[in-house]
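Reading through the structure tokens given below for one structure.
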């Protein structure tokens, strides 16, 4: 038996189909899980933490990627 309802999975699939580029999904702000993600490309860990705290204080949801990986590995990671 199949289901033809409009559920979360179909809605997200439609968003991805309409909003992507050669690098992957480009989430529209209205449905994005986060508004900003901080991934370190330069500077110290303290600089990244300070930037994330400033964005958070401005009222934005922030995900700080503080993994011990090179910046290129972080940018290539789709998560």
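FYI, it's all coordinate maths here, none of it is from the lab. A quick note: this is a predicted structure, and the numbers were derived from the prediction, not measured. A quick note on method: Cβ atoms are made from the backbone with ideal geometry, for glycine too, and the neighbour counts reach across all protein chains shown.
Using a ≥ b ≥ c from the Cα gyration tensor of the range 8-76 (square roots of the eigenvalues), is it rounded, prolate or oblate, where a/c under 1.5 gives rounded and otherwise the larger of a/b and b/c decides, a/b for prolate? Could the numbers behind the result be given before it?
Values: a/c = 3.21, a/b = 1.63, b/c = 1.97.
Since a/c reaches 1.5 but b/c is at least a/b, the shape of the range 8-76 is classed as oblate.
At residue 76 and residue 6, where each label point lies 7 Å from the Cα along Cα→Cβ, what is the point-to-point distance in nanometres?
About 3.9 nm, to one decimal.
Compute the distance in nm between two label points, each set 7 Å from the Cα along the Cα-to-Cβ direction, one at residue 53 and one at residue 66.
So the label points at residue 53 and residue 66 sit 1.1 nm apart.
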